[in-house]
Structures are given as structure tokens and as C-alpha cells.
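Nothing in this text is a laboratory measurement; each read-out follows from the coordinates by a stated rule. What you see is a predicted model; the values in this text were computed from it and never measured. With ideal geometry, Cβ positions are generated from the backbone for all residues, glycine too; neighbour counts draw on all protein chains shown.
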Amino acid sequence: METTTKTDQEMFKVKGMTCTGCAARFEKNVKQIPGVKEANVNFTSEKLIIEGHASIQELEKAGAFENVKVYHENDELPTEEDQPFFQKHTWIQVIIASLFVLAGWISHFYIGEQALVTIGLFLSGMVIGGYSMFWQGIKNLTKFVFDMKTLMTIAIIGAALIGEWGEGALVVVLFAISEALESYSMDRARKSIRSLVETSPRNATVNRLGNKMVVPVDEIDIGEEIIIRPGEKIPLDGTVTKGLTSVNQAAITGESIPVGKGEGDSVFAGTLNEEGLLSVKVTKLVKDTTLAKIIQLVEEAQGERAPAQQFIDRFAAYYTPAIMILAFIVMVGPPLLAGGVWSEWIYLGLATLVVGCPCALVISTPVAIVTAIGSNAKQGILIRGGIHLEQAGHIEVISFDKTGTLTKGTPEVTDFLSMDDVSEKELIPYIYSIEEYSTHPLAKTLVAYAKKNGGDLDSQRNVTDSKALTGKGMSAKIDGVYYYVASPSYVRSYYSSNLSEKFNEMVEDLQKQGKTVVILGNESRILAILALRDEVRPEAKHAIQQLKKLGIKEIVMLTGDQRYTAEAIGREAGVTRVESELLPEEKLAFIKQTRISGKNVAMVGDGMNDAPALAQANVGIAMGGGGTDTAIETADIALMGDELNKLPILIETSRRTLRIVKQNIAFALGLKVLALILVPFGWLTLWIAIIADMGATLLVTFNSLRLIKIKDKSNKK
């Protein structure tokens, strides 16, 4: 299949990339194709954008080193059944390889490492778990490309040559697990983008020439009128031309309390029409909606986040050839230059190769990382790969979303202020009667409050003419008298004569505390003022105190909520800075600016609107219990059970893991250096070399196992 691009810029879908390094190499190869001016590969979203001209055949040739498959943007992708076996069954390969290696170690202890059965089991595990890595490593060696796969290949070959089959097989399995974890993490990230797309309806009801018809959203033009019924999601951005309703905008702003919408107000694709029938004039095409922009921001942010290259990856490019050159010099230098005995110096050269075998160096990082990830999982902290664990140890700034993250995510009644000498228990039944059948979230909160704190709710009252004051509240006639539970703006519009200076002061004071105010009244007077607020999580303040003790001085709250509410919640939680009334792109801009300033930043959130910021941050942390699928799948780390007190544990153990990784590297290199010092004196033997190599391997393994025990100190003050 060969297709040539027709325009200066074209997008392709790419399948088969297994790591960020492979994506970078593929991008470099594409740029070398004649006719290609520029190329950009987004590993996370599996997309390639080129400027210039190239055929599918040329692009796939550029990715032949990893069997990359390229498709035009609108081409139908192959089903899972059509994919190569090794792409579908990575974890199956890892499990089978691990079982062979485990059986090999059992055989090793019972009948010996050099027994044919033992060697066969270890060799089977190595081939099953590392076939693709070996093949790429050998090709790299022929081209003098020294990356991690080259280093791994030499390590395994070296282990096999000196008869350390078990050690080599163990290294293969550890590397295969790390590769599978990275692949799994990327698949989850890609699913987060797909879940965003599914948020908005694919079809909409359009009013064309007086006829209502259902058509795909991508066939609707700007200026057309669409109809949204109660309970339906809004399919496109637009302006309300007719109708009154409340809209749940959590998908865009993340705020739990619906917003009243009427003629002239803007609405966004992906948000939920709670109550009334709406006519909306379309202002943006489907590809330009606010939701589409969020999807684009997520893709771009994930693509920009190229993980910091591990120390071992950088070191491998120099260490492996340096050891090979050193061994060659030891073999031929003294005999040629000083008349040394060839057999003695060739032996010393082989010993140098053995002691330089990078097995301990190779496993120094993954053993610690895998152990730490498993231990964190037992604490309810799910980490999607070693790079994210490492990044968490470098965090200097933590940004929190408000609703559902620092707060519980649902409003609660905090104040009930009676305006006359009427008790709360006498007034609550009126609120219950008015709100009992409303589906509005605030009404449900008021009904729950009434059931918990009310007086005689079961007495017979004649409730008639119950109706929604769309976007404002509810009203009804109780025993023939008109009552309402509504917003202050409704009272000011229709019953301003009942207002007093005291009333206005009380309402303003409650609103400054970040609370939503509702009024119970009738046509002649105001009976009570109620205030509701989404309260701070009980553990949030303590968690933030612990983060400050760990040296994180900048703790920021980012929210789409209004300033009074944001500042009140921020003060109670103990954050050092509050940024309010933010749209998703503004949250993202804050994270970007923090990174540009040179600081490592974490973003903690639970909603779809947090997804771009979660993706852009050095570390994205989602609330795993109540968070949306998009937030959880976009984030690098999930706190299961929504426990903020796990954050200090995450930071502390991440730092501890970094320390152990550095110790492991020092141990692995230090023992080798000590052994290599013996070379000039002719004292290095193969036995010493093997002991140094195995000693380093055991040392880094046992040092890493210290990470098995992670204690929860969150409740200790």
C-alpha cells in the first residue's frame, strides 16, 4: 500500500512504537526522508505529523527497526486480532518467561546451574522474554548504536559466556517487566483521550426550515439552531436563544453546582442540561468546541512530556564501549608494548570483560523501582511506571484542584438562619415539601438535610402548583399559601420590598465565606436564609501540613469557582496560594509557566477539566476513588480511596527510592572499579571477577528490597 501526501502537512496514525526512545529514533529517520521538511511524532497519541511529501512505504521503512505500521489519519485501524502476537500478548510473554526462570532457579538449587535442564529452562526464559530486545540489540551492535537494548544484549551474552545463566535470565525478566509497564501506561493514556471524545454526543437535533431532524454533529454549521431536551448532553458550543435551565458544567469547569442558563448565555459541548428545554444557536464547529480544545490540550501536553532519560541509558552509551576498549587494550597492550605473555594478558582481558559485565548496573534501577511501585500499591498509591516515581521525588510545587480533590465534591448545609421567631424544625417541613420532587443537586442536598434535621415531615400538607423557577429555585403553594426556596437574585427581582439591610449583610457575609445562599420565603416576608458549601475533606489540612514539613513550600489551589468560595476553601485547607475562576486552558497555562520557571510541579485533580493540567505537569496525580475515568487514565499516579494523606507518603518514599537507586549505581560501579584496580598488577582472576560481578548484583538487589516496607505515618502528628 503506497499513498503519497497531497498537502504540505499531513497527519498519520502510527502503530507499533514501544518506547519513547523508539519514537524519537523513528522521528529522526522520518526527517531524513527526501521531501520531508519537518516531522513530529507524538508517542502518547500515536500520531505523526509531517511537513512535505512522503509515502506510506517510505514512512514504514523509517520505522522498520521496530516493525512500525503507518496509516493515514482517516484509515480504519486493524482490530486486535490483526495485530502481531508480540504486541497483543506482552504480559503473557512476561509471565511465561518468569515461570521458566523460576523453574530454572529451582533446578539450579537441586541439580546444579550447569545441568542441561537448568540451562534449558534459563535459556527458554531468556528467549521468550527477550527475543525482540536481543534482535534489536544485535542490530545496534552492528551499527555501533549503544542504547539500553545494546547494553542489555551485551549483559546477557556476557552472563551466558561465563556460565551465569540464572543471572542473565533474571535480568531479561526484569527488563521485560519494565517494558510491559511502560506499554501499559501508554495504552491507558491513549484511552483517556478516547474517553474525552465519548463525552460529547455524536448526533444532535437541528431545527432546519421548521423541521426538527437528528443529524451527526460534524454536519452542523455555525449559526444553525439545535434543540436540547432536559437530561440531554449539549452537543456543540453555542448561545441560548430560547429557554431556561440549569447546566451541569463539571465536564468543563469541574464545579459540582449547576449553573443557571437563559437567553444570551453560553453553553459548552459535553455539559449536561439538567432541567428545561433549550434552543441553542451554534457558535463553534465540532472540531473547535471547548471540549475539542481540551482533547487537543491533553494530546499536546502528553506529547510534550518526554521522560527524563535515566542515568543508566545515558551512561550505557559510554560504559559499554569503554569496557570493550579497555579489555582489548589489556589483551594486546602489554604483549605488544612491553613483551608481556600473550596468554596471561588475554586471560586478564577476558576477566576485565567479565568484571565489566553490566548486569548489576542494569538491574540497579529497575529492582528498586519495581519494589517501590509494589510497596506503594499496598498503600493504595498506584504508580504507572518508574519515571513517574522518580519525578515525584523531585517535586517542588503541588497544585490542587478544589472540587472533589481538596473538598468532598458535594454541597452540604452549613447555616440555617431564621429571620423571625420561628424555629428551624418548624420551617424545615416547608423546605422539604417544596424540594421533595426536584432533581436539582441543591434540592437533593436540602431534602437530605430536612430528613436528618427536620420536624414533622409526614404530616399532611396540601402542596399544589409545584414548579421549578428555572435556574433560580423551586416554588409551591402549601395549604394555599405561595412559598419559594430560591436564590437571592430571585428575591431581589420579585420581592425586593421584603429585603432589609440586615438581610443583605447576612447574605453578603455568607457569600464571602464561599457559600451558596438560598432563601425560604413567601410573598409577604423572608422566613430563613440557608447556606451550602462543598466542605474541605477532613484529611486535607493535615496532608498539606505534612507536605510543608517535607519541604514543599508552594502549595497552590487551582479552581474554576468564584473568588470568595476559592479563598475561603484555600484558607481552611492551608494552601499557600489560590487561583480562582480558571478555565481548563488557564489551569494548563499555570502548570506550563511553573515548569518554564524551572520548578518541578505536580497536579492533583479528579475531573475531566483537570486532564490537560494533569498531563502537562511533571507528575499528574488523580483521585482514584471519585475521580473521572479521564482524570485517572491521564494521570501518572492514582490515590485509591481518594486519601490525600497518601500524598506525603508518596513524596517521602519517592525520595527514598531515588536515594537507593543512587546507592545501587555506586555499589555496582564501585565493586567493579575495585576489581579493575587489580588488573595492572596481574591479580585479577576470573573467580575474583565473577565474585565482584555477582557481589554487586546481590548487593543492589538486597539494598532495593529495603523498599518493601513502607510505613504509613500519615496519622502521626
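Listed values, structure above:
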{"read-out": "Dipole-positive endmost among Leu530, Val491, Met557 within the stretch 449-561 (Cβ charges, Cα centre)", "value": "Met557"}
{"read-out": "Cross-link reach list, lysines versus Lys284, counting only Cα pairs under 21 Å and skipping chain neighbours closer than eight places", "value": "Lys212, Lys233, Lys242, Lys261, Lys293"}
{"read-out": "In order through the stretch 122-136: 3J(HN,Hα) via Karplus (6.51 cos²θ - 1.76 cosθ + 1.60), integer Hz, x for Gly, Pro", "value": "4, 5, 4, x, 5, 5, 5, x, x, 4, 5, 5, 4, 4, 5"}
{"read-out": "Unsatisfied cross-links (Cα-Cα over 21 Å) in the set Lys408/Lys467; Lys425/Lys452; Lys541/Lys646; Lys37/Lys143", "value": "Lys408/Lys467; Lys37/Lys143"}
{"read-out": "Built amide H within the under 5 Å cut-off of Ser466, gap 5+", "value": "Lys477"}
{"read-out": "Gyration tensor verdict on the stretch 508-567 (Cα atoms; rounded if a/c is under 1.5, prolate if a/b is larger than b/c, oblate otherwise)", "value": "prolate"}
